[in-house]
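One structure is given here, and the rest of the page talks about it.
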Amino acid sequence: MKRARPLSVRSTARCFVALLALALAAPAPGQDDPVGAAMKLFEKRRYEQAARTLEDALARLDAQRRAQAQLVLGTIYLRNADLHEALGRTAAAAELDYLDKLLKTGAEGRSRYARLYLAEAQLARGNAREARRNFEQARADSSLESRYRAIASVGLGSALWVQRDAERARGLWKTAGAGGAAEIALARAAAEGRARVADAKSLRRVADDSARSRDASPRARRYLIEIYLAAGAPDQALAVARAADWGAASYVERFKVAKGTAKSIGFYDLALLGDLAQLYRELARARLEQAAADARMKPSAEYYLAEVLSGLGANDQAATFAQAFLARPQAPAQFRERAKARQALIAYRLGRGAEAEGAWTAIAEQSSDPEVLADIVLGCTETGAQCAKALARAGQVAEAADGRRAQRLNTALGTYHLRKNDYARAIAYMEAGRDKSNKNKIEANDPEMLAGLAEAYYRTKQFSEGLEIFFEMSQEFPVVRQIQEAVQGVYSMEHRSAGDVRIL
């Protein structure tokens, strides 16, 4: 069998996929090669373009090439999920600040809708107590349109559900969803779907009736994604996402301030970023499970399924796939060590913290591979584990290694310090692996790193550096615009810059 020429990839993780997927069955000369085309886009972090290339080609591929395409498509979705999760963290930093500042402005220029969006953002980031307080005030605010007061009631129900007040939550959902605008019915269905108190058929019925509309608002489209995900229909959720303009505001509030000056404030849904991360993980799961049905693709599909399922909270299943991969004697040494690091993360999430930290320490002490150490550092970051010895070892290797070779390790260490609020060290590590000649280009820099670096710059009030990153990233990922405009909003308010800036 003729073997494909390996693609030049920027990380060993991508190389692992490329070699396993492409080398097994190269297309004949002159034959269409959507898998190779998608991998080239994937190398450049053009995740959406790469995914569309394979989605459009799956139906026309033979069984052998289809399995390879499913494997590669699953990993593309997985990396896109990771990116949107990182963007969600960065967005929360700026958007929560900005919405809070809007509430504290003088009465004349104060937004009526900031409280509702702040409550929704707080709920999305897990702060049900503060979300409840703001939802209660929003639903009692007679200056809001009635449909937004109803949406606030649905949100209050969701906050109460998180706080285990199921009876009041159900009561609010029932009364808020009785009649009224289609958005209210979607809000209720989305809330009930998240709480798992509605069956899949009824959820699909609500979503299908609304999905046919071509002029659905960004808010309605977000609800549709949530409903389809709750109904176990990620492909339908993807169709909704693909039809949306995520650079558009969810709501634009217009009013006049001093001397009749017109002002407009565009609000975005912070929850959208988490919804998209979940969507891409569910899609990754589906495609990787399909790939795993092919014996040749199964080992690499198992490797990535352990990561996907752990990210979805299915840790018992994730542990099974991690163990299955480790049981294969032909697994490459580096990926065996990375799978062990993943296995330790899963163990931590299953309540075996001491075992996980011991495993990370043992792996780190025996490894000088930046990719393996990066996985350990990221595991420690996600769990909040101390990992003193493992982190010390990772720092030593990062300092001694070439900046480009240790790019992912530097990003991992920067992310660790970012979560610890040590912004100076976070910036130092991330800048160490940044391509200085193409400093904001996603082709040369991991967009997850850029998102974290921009957050660190925001936290240290280096606004221009962060805005440069967001502007460049928004060219490929329109959803980044909500972060860009939130940062611009905070900057404008803190510096009292002249002119009306349309923000968040």
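The values are calculated or read from the model by the stated rules, or taken from the named source; none is laboratory data. Note that this is a predicted model, so its numbers are computed, not measured. Don't worry about glycine lacking a Cβ; one is built from the backbone with ideal geometry, like all the others, and counts go over all protein chains shown. Protein only, heavy atoms only, side chains kept; ligands, DNA and RNA dropped before computing areas. Shrake-Rupley method; radii C 1.70, N 1.55, O 1.52, S 1.80 Å.
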Take the conditions in a helix (DSSP H, G or I), open to solvent by 40 Å² or more (accessible area, probe 1.4 Å) and touching a Ser or Thr at 6+ places or on another chain (Cβ under 9 Å) and apply them to Y304. Does it pass? no
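Conditions tested, residue by residue: (1) touching a helix residue (DSSP H, G or I) at 6+ places or on another chain (Cβ under 8 Å); (2) assigned to a helix (DSSP H, G or I); (3) modelled with pLDDT under 95; (4) of a type in the set (A, V, I, L, M).
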{"site": "F470", "(1), (2), (3), (4)": "yes, yes, no, no"}
{"site": "R481", "(1), (2), (3), (4)": "yes, yes, no, no"}
{"site": "A486", "(1), (2), (3), (4)": "yes, yes, no, yes"}
{"site": "G489", "(1), (2), (3), (4)": "yes, yes, yes, no"}
{"site": "M493", "(1), (2), (3), (4)": "yes, yes, yes, yes"}
{"site": "I503", "(1), (2), (3), (4)": "yes, no, yes, yes"}
Can you say whether L409 is part of a helix (DSSP H, G or I) and within 18 Å of Q334 (Cβ to Cβ), as far as the supplied structure shows? yes
Might you let me know whether region 133-151 holds any residue that is open to solvent by 10 Å² or more (accessible area, probe 1.4 Å), in contact (Cβ under 8 Å) with a residue 40 or more places away in the chain, more than 19 Å from V206 (Cα to Cα) and among the small types (G, A, S)? no
Can you name every residue in region 402-419 that is open to solvent by 10 Å² or more (accessible area, probe 1.4 Å), in contact (Cβ under 8 Å) with a residue 12 or more places away in the chain and not basic (K, R)? G403, Q407, T411, T415, Y416, H417
Considering every residue within region 227-238, establish whether at least one is closer than 25 Å to R139 by Cβ, assigned to a loop (DSSP other than H, G, I, E, B) and open to solvent by less than 20 Å² (accessible area, probe 1.4 Å). no
Which one of these does A444 not meet: (1) open to solvent by less than 60 Å² (accessible area, probe 1.4 Å); (2) under 23 Å from A356 (Cβ atoms); (3) without any contact (Cβ under 8 Å) to a residue 12 or more places away in the chain? (2)
All but one of (1) touching a residue at least 60 places away in the same chain (Cβ under 8 Å); (2) outside any loop (DSSP other than H, G, I, E, B); (3) surrounded by fewer than 22 Cβ atoms within 10 Å (Cβ to Cβ) hold for E130, so report the exception by its number. (1)
Scope region 320-346; condition outside any loop (DSSP other than H, G, I, E, B) and open to solvent by less than 30 Å² (accessible area, probe 1.4 Å); matching residues: A322, F325, L326, F335, R338, A339, A341, A344, L345, I346
With respect to A291, determine if the residue is open to solvent by less than 10 Å² (accessible area, probe 1.4 Å) and in a helix (DSSP H, G or I). yes
Going residue by residue through region 56-77, is there one that turns out to be within 19 Å of V480 (Cα to Cα) and open to solvent by 10 Å² or more (accessible area, probe 1.4 Å)? no
Output the residue which, of all residues in region 93-110 that are of a type in the set (G, A, S) and open to solvent by 10 Å² or more (accessible area, probe 1.4 Å), is nearest to G489 (Cα to Cα). G109
Across (1) under 22 Å from L41 (Cα atoms); (2) under 22 Å from the mean Cα position of the chain (by Cα), R404 clears everything bar (2)
Can you go through S111, S213 and tell me which one is farther than 28 Å from A243 by Cβ, of a type in the set (G, A, S) and part of a loop (DSSP other than H, G, I, E, B)? S111
In region 177-201, which residues are in a helix (DSSP H, G or I) and farther than 20 Å from A216 by Cα? E192, R194, A195, A200, K201
Kindly evaluate A121 against the criterion of being touching a residue at least 60 places away in the same chain (Cβ under 8 Å), buried (at least 18 other Cβ atoms within 10 Å of the Cβ) and assigned to a helix (DSSP H, G or I). yes
Would you mind finding the one in Q386, Q317 that is polar (S, T, N, Q), open to solvent by 50 Å² or more (accessible area, probe 1.4 Å) and not in a loop (DSSP other than H, G, I, E, B)? Q317
Within region 68-87, track down each residue that is over 10 Å from R287 (Cα atoms) and either touching a Ser or Thr at 6+ places or on another chain (Cβ under 8 Å) or of a type in the set (F, W, Y) (or both). none
Examine region 160-173 for a residue that is assigned to a helix (DSSP H, G or I), closer than 28 Å to A248 by Cα and free of Cβ contacts under 8 Å to residues at least 24 places away in the same chain, and state whether such a residue exists. yes
Please work out if A262 is open to solvent by 30 Å² or more (accessible area, probe 1.4 Å) and closer than 30 Å to M493 by Cα. yes
Condition check: over 29 Å from D275 (Cα atoms) and surrounded by fewer than 22 Cβ atoms within 10 Å (Cβ to Cβ). Does D422 satisfy that? no
Out of the residues in region 396-448 that are small (G, A, S) and in contact with a Lys or Arg (Cβ under 9 Å, 6 or more places away or on another chain), state the one that is modelled with the lowest pLDDT. G403
Please specify each residue of region 152-171 satisfying the condition of being surrounded by 21 or more Cβ atoms within 10 Å (Cβ to Cβ) and either under 20 Å from R219 (Cα atoms) or not aliphatic (A, V, I, L, M) (or both). A152, S153, V154, G155, L156, G157, S158, A159, W161
Could you tell me whether R204 is open to solvent by less than 20 Å² (accessible area, probe 1.4 Å), among the basic types (K, R) and either at pLDDT 95 or above or under 21 Å from the mean Cα position of the chain (by Cα) (or both)? no
